[in-house]
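The block underneath contains the structure these notes are about, expressed in structure tokens.
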Amino acid sequence: MITGGIDVGSLSSEAVLLKGGEILSYSIIDTGADARKAAEQVYQAALERAGLESSEVDAVVATGYGRLVVPFAAKQVTEISCHARGAFFLFPEVRTVIDIGGQDSKVIRIDGRGNVVDFMMNDKCAAGTGRFLEVIARALELSVAELGMEAEKATRVAEISSMCTVFAESEVVSLIAQGVPRPEIVRGLHQAIAERTAGLAQRLGVVPQVVMTGGVAKNSGVVAALSQSLGVKVLVPQEPQIVGALGAALLAQKVVQS
Amino acid sequence: MDLYEFMRGMLRGQRWGKVLSSPLTYQLVEKALLLARGGFRWRATYLMGRFALTQTRRAYTGKVPVVWTSAFFPVEIVWGLGLCPFSPEVAAAFITSLGFVDRALNRADQDGYSRDLCSFHRCIAGAAADGYLPAPAALVASTHLCDGAPLLFQNLAGHYQVPYLLLDVPYQSTPEAERYVADQLAGIWNRLSEIAGRRPDPSSLARAIDYSNQFRSHLEAVNALRCRVPAPIQGSEMLNYLYVFFAGQGHEEAAAVFGCLARELEDAAGCEDRERFRLLWLHLKPYHRGELMHFLEEAGCSIAFEEMSYVYWPPLDPERPFHSLARKVLSHFAYKPLQRRVAVVDALARKYRVDGIVHFSHWGCRQSCGGSLILRDALQEKGWPVLLLDGDCLDERNEAPGAVLTRAQAFLEVLEGRKAACGGMGEQ
Ligand code: SF4
């Protein structure tokens, strides 16, 4: 049985093709302005990588904010369930999933069977999300990928008091003007994001193992700061950005079986 | 015929005060209501429409002094004087259903009402400033539960240059508190009669108390019938009866609405397709065009019961009207330590055999949302899945529609997982 999962997020879209328990291929693209087009493109890219035709795929499940605009999906499932399912597949001992995506963050508690028990979402503003990091990285003249390494150079942590994307950007600019070294600023930002996320997680209750998914998990600085704030080691999958799509592909197996 | 579309057409681009004070308007709407009657699922809805229409005509045509009452004020006092109570919160929900809320909210924005305030109050403030609402002879607000209403009413009393009366309700329900509230109610009764130039008539008040008791017992009958599975009526439908809940108690027609509904529910068959999940709904629902309620319906959810319909007060004594109304006010389960609301919600969830509980956290409503996290934790400890759904009953701008639906869908997925695992709480 071959199944597909498509995760259409606000910043990026991912597709995963799965055969049994094996990932055949995956792809990641920017969503851009047209979510429907992004879903088609990302799926096509994954099919090409796997050398498959769409007719060979038994079922596709769509997730993410754009899940309703994926015409070839047999079912739409929320990113909450998909991240839980994907993380559970990769880490069977996981009980808490933290997903920081492009525009929101979620904490998901799951049981020993990979079912969601409870969740919390912060989607009121982009503070502490992928979009936030993008804006700040630009102000620091770094790429998002460089932020983690930059933070490792810091010997001290600059204090960032604002988490509003707009205010934090101007705070960062003024710290640069005051001559605060860039690594310290980056470390301060990571800490601020971690504390905010930890607050959300603690409201739900953190049960180890804790797995972080979503694009921001690629930033080792945020992961380290989050581990410290939570007081538990935060595990990260090899490719954290595709966990939602992976979960969708796993749920598509159920669709085929039902 | 679509009654709302008809009324929208009448009011769009018009000066509301002029349209709504014309007797012709009511003749037309009454005809439209009659024509629309066949489309209502319940005859009770038609009766409520007729009742609300008659009272709206009384209010706008200046036939009788209008008294604005805040959502939790005991309106029996006003009916007992033969005056016309007007519930601006209900009017705000109606303005929203008609699709005119943005105009009122924008006006409130311009007048300096903060966006952090409850949109019911902002809509009222804007609609009052724009002259949409019937001019009151007095405004009466109660301090229990809704903390925004007394401040808004005070402001609006200045706007209309009319007296503002306040019912101060203590938090503890003791015999002294009961006497204190009863004395104030007697004072308000006297003061309103002076303002309206009416002689206070105890027998008329006793009649209002009697109607209020009828309302109560019919509502209890409705609630008892709602224990059936599948649910004979949806919570989303019950939440359309705001007018009788907040403005009708004490009038015979409001009692008749639920009397009729109880009779109708006796033979009503529920919809099996909507029993995939049974939900208990806390607080109000969106009255704007958002997709949430439709989404839940499509997903096969039954809102088996809602907090608003719970009969929390004991029957009233027509011989001691002020004391029994004081007891009614003081017995509200949400105007107590949070454990009380937890206990009530838990009991309702069991009684109506629900799978999960949804708290619609209306932006700016401190009385309902202030303790929602604690409420949620306590209910979860009792084994209930709980969703705190952030939204706004009137102001769509305060909602991220995708996020509301994602949360709702994710909650249903949680319920699905639980059902698959253990058959759900409803089976206990
Ligand atoms: S929603 Fe809350 S704040 Fe708004 S009118 Fe009702 S009780 Fe008051």
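Only one of B:Leu152, B:Leu117, B:Leu156 is within 16 Å of the ligand (Cβ to nearest atom) and either outside any helix (DSSP H, G or I) or over 30 Å from B:His323 (Cα atoms) (or both); which?
Result: B:Leu117 is the single residue among B:Leu152, B:Leu117, B:Leu156 that is within 16 Å of the ligand (Cβ to nearest atom) and either outside any helix (DSSP H, G or I) or over 30 Å from B:His323 (Cα atoms) (or both).
Look through A:Val61, A:Val42 and report the one residue that is within 14 Å of chain B (Cβ to nearest Cβ) and buried (at least 23 other Cβ atoms within 10 Å of the Cβ). It would help to see each step written out before you state the result.
On the way: A:Val42 fails: within 14 Å of chain B (Cβ to nearest Cβ).
Checking each option against the conditions leaves just A:Val61.
Would you check which residues across segment B:369-413 are of a type in the set (A, V, I, L, M, F, W, C), over 23 Å from B:Val344 (Cβ atoms) and touching a residue at least 24 places away in the same chain (Cβ under 8 Å) and list them?
Taking segment B:369-413 first, the residues of a type in the set (A, V, I, L, M, F, W, C) are B:369, B:373-375, B:378-379, B:384, B:386-389, B:393-394, B:400, B:403-405, B:408, B:410-412.
From the residues that got through so far, the ones that are over 23 Å from B:Val344 (Cβ atoms) too are B:394, B:400, B:403-405, B:408, B:410, B:412.
Scanning segment B:369-413 gives B:Leu394, B:Val404, B:Leu405, B:Ala408, B:Leu412.
Quick check: anything in segment B:224-234 touching a residue at least 40 places away in the same chain (Cβ under 8 Å), touching a Ser or Thr at 6+ places or on another chain (Cβ under 6 Å) and assigned to a loop (DSSP other than H, G, I, E, B)?
yes
In segment A:170-184, is there at least one residue being away from chain B (no Cβ under 14 Å), among the β-branched types (Val, Ile, Thr) and under 14 Å from A:Val216 (Cα atoms)?
Checking segment A:170-184: not a single residue is away from chain B (no Cβ under 14 Å), among the β-branched types (Val, Ile, Thr) and under 14 Å from A:Val216 (Cα atoms).
Which one of these is out of contact with any strand residue (DSSP E or B) (no Cβ under 9 Å at 6 or more places or on another chain), over 30 Å from B:Val358 (Cα atoms) and modelled with pLDDT under 85: A:Val173, A:Val180, A:Val166, A:Val186?
Answer to the check: A:Val166.
Would you mention how many residues in segment A:198-244 are crowded, with 22+ Cβ neighbours inside 10 Å, hydroxyl-bearing (Ser, Thr, Tyr) and out of contact with any helix residue (DSSP H, G or I) (no Cβ under 6 Å at 6 or more places or on another chain)?
The number of residues fulfilling the criteria is 0.
Of these, B:Gly131, B:Gly187, which one is away from the ligand (no atom under 16 Å from the Cβ), outside any strand (DSSP E or B), farther than 30 Å from B:Glu399 by Cβ and not aliphatic (A, V, I, L, M)? Talk me through it step by step, then tell me what you get.
Details: B:Gly131 fails: farther than 30 Å from B:Glu399 by Cβ.
Of B:Gly131, B:Gly187, the one residue that is away from the ligand (no atom under 16 Å from the Cβ), outside any strand (DSSP E or B), farther than 30 Å from B:Glu399 by Cβ and not aliphatic (A, V, I, L, M) is B:Gly187.
Could you grab the pairs with beta carbons closer than 6 Å, sequence gap of 6+ or different chains, first residue in segment A:104-116 and at the interface with another protein chain (Cβ under 7 Å from one of its Cβ atoms), second one crowded, with 19+ Cβ neighbours inside 10 Å and of a type in the set (Ser, Thr, Tyr)?
Here the result reads A:Val116/A:Ser81, each pair linking segment A:104-116 to a residue that is crowded, with 19+ Cβ neighbours inside 10 Å and of a type in the set (Ser, Thr, Tyr).
Test A:Arg67 against the criterion of being of a type in the set (D, E, K, R) and in contact (Cβ under 8 Å) with a residue 40 or more places away in the chain, and give yes or no.
For A:Arg67, the condition - of a type in the set (D, E, K, R) and in contact (Cβ under 8 Å) with a residue 40 or more places away in the chain - is met.
Just the residues that are in contact with a Lys or Arg (Cβ under 9 Å, 6 or more places away or on another chain) and surrounded by 15 or more Cβ atoms within 10 Å (Cβ to Cβ), please, taken from segment B:31-43.
B:Leu33, B:Arg37
Kindly indicate whether B:Arg179 is at pLDDT below 95, surrounded by fewer than 19 Cβ atoms within 10 Å (Cβ to Cβ) and farther than 19 Å from B:Gln249 by Cβ.
No; evaluated as a whole, the condition is false for this residue.
Can you pull out the residues in segment B:352-396 that are over 25 Å from B:Leu145 (Cα atoms) and either hydroxyl-bearing (Ser, Thr, Tyr) or within 16 Å of the ligand (Cβ to nearest atom) (or both)?
Result: B:Tyr352, single match.
Restricting to segment A:209-224, name every residue that is in contact with a Lys or Arg (Cβ under 9 Å, 6 or more places away or on another chain) and at pLDDT below 95.
Answer for segment A:209-224, where residues must be in contact with a Lys or Arg (Cβ under 9 Å, 6 or more places away or on another chain) and at pLDDT below 95: A:Gly214, A:Gly221.
Out of segment B:1-34, which residues are part of a loop (DSSP other than H, G, I, E, B) and not basic (Lys, Arg)? Explain how you work it out, then say what you get.
Step one: list which residues in segment B:1-34 are part of a loop (DSSP other than H, G, I, E, B), which gives B:1-2, B:12-15, B:21-22.
Those that are part of a loop (DSSP other than H, G, I, E, B) and not basic (Lys, Arg): B:Met1, B:Asp2, B:Gly13, B:Gln14, B:Ser21, B:Ser22.
What helices (runs of 4 or more DSSP H), lying completely within segment B:333-428, carry at least 3 residues that are basic (Lys, Arg), in contact with a strand residue (DSSP E or B) (Cβ under 9 Å, 6 or more places away or on another chain) and within 11 Å of chain A (Cβ to nearest Cβ)? Write out each step before concluding.
On the way: elements: B:338-351, B:366-369, B:372-381, B:401-422.
Filter on segment B:333-428 gives B:401-422.
The values are calculated or read from the model by the stated rules, or taken from the named source; none is laboratory data. Fair warning: this is a prediction, and the values are worked out from it, not measured in the lab. Positions of Cβ are generated from backbone atoms using ideal geometry, with glycine treated the same way; all protein chains shown enter the neighbour counts.
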